[in-house]
Amino acid sequence: MPTILGIISQKGGVGKSTLTQAIAVEAAYNGLAVHIADLDAQQFTSTEWASIRARGALLPTVTACTYTTLKAALDGMPRCDLLILDGPARTSAGTLEIARTVDLVIQPTGAARADLSPAIRAFHELAARGIPTHKLIMVLSRILGAAEAKEARRYITDAGYAVLDGCIMERVSYRTAQDLGRAITETDYDT
């Protein structure tokens, strides 16, 4: 059985698929066979990205497929070392099912209260339903500067949740890379 990560969000536009793709590429660079189960059947962002990546013959290889349910993803996934579930843009009953199945739940969030409050509520709901808080971690995404990151980090830790060091900054080069089937870790710019 592969290690399974669940990337979830309470709202769209916070970098869920961006984070999914970056983790997938970096894990593949480190020799893991990686598959993304794109559970957002309305958007299929990661599936489309992987298709662009495959057409460009970019290495390392990352596979992705759209699935309508978690069961379908688990039953239909290819043999892999790491399965990343790119969840729907909003939490639902399926989010609890994801959280119960995965080794780690990762939720990206922006720094605005409009991003942070729903993210915290989503984790509170999972914790209230029995998901251990050590399985819940946030990643700051689409951040504009250090002061913004510091304040968002404080808000998350005050709510009782872990947040990874560092953050994903807002960069035009990241969108350009993704348009070409690359991850944000594969930009053409050293900085």
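Values computed for the structure shown
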quantity	calculated
Within-11-Å neighbourhood charge of residue 180 [Cβ basis; K, R +1; D, E -1]	+1
Check: the chain dipole with +1 on Lys, Arg Cβ and -1 on Asp, Glu Cβ, in debye	380
Neighbour net charge for residue 38 - beta-carbon separation under 12 angstrom, K R +1, D E -1	-2
Residue-count net charge about residue 121 - beta-carbon cut-off 14 Å; Lys, Arg +1, Asp, Glu -1	+2
Charge-dipole axis of the range 1-139 as Lys and Arg at +1 and Asp and Glu at -1 on Cβ define it, positive-most pick from 31, 67, 43	43
Virtual spin-label span in nm between residue 189 and residue 48, 7 Å along Cα→Cβ	2.3
Accessible area of the range 44-191 divided out per residue, in Å², using a probe of 1.4 angstrom	53
Computed label-point distance, nm, for sites residue 173 and residue 92 using a 7 Å Cα→Cβ extension	3.7
Read-out Cα Rg over 2.2 N^0.38 Å, derived from the coordinates shown; its label in (i) 1.25; (ii) 0.97; (iii) 2.29	(ii)
Distance from the range 159-191 to the range 35-52 (C-alpha centre basis), Å	18
Dipole in debye (nearest 20) - the range 69-108, about Cα centre, beta carbon charges: Lys, Arg +1; Asp, Glu -1	120
Dipole moment magnitude, nearest 20 debye, the range 105-191 about Cα centre, only Lys, Arg, Asp, Glu C-beta charged	340
Cβ crowding within 10 Å averaged over residues, with 8-21, 142-155 ranked highest first	8-21, 142-155
With every protein chain in place, the range 12-63: carbon and sulfur % of accessible area (1.4 Å)	56
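The values are calculated or read from the model by the stated rules, or taken from the named source; none is laboratory data. Every value quoted in this text rests on a predicted model; they were computed, and no experiment measured them. Here the Cβ is made from the backbone with ideal geometry for all residues, glycine too, and neighbour counts use every protein chain on show. Accessible surface areas use protein heavy atoms only, side chains included; no ligands, DNA or RNA. Shrake-Rupley method; radii C 1.70, N 1.55, O 1.52, S 1.80 Å.
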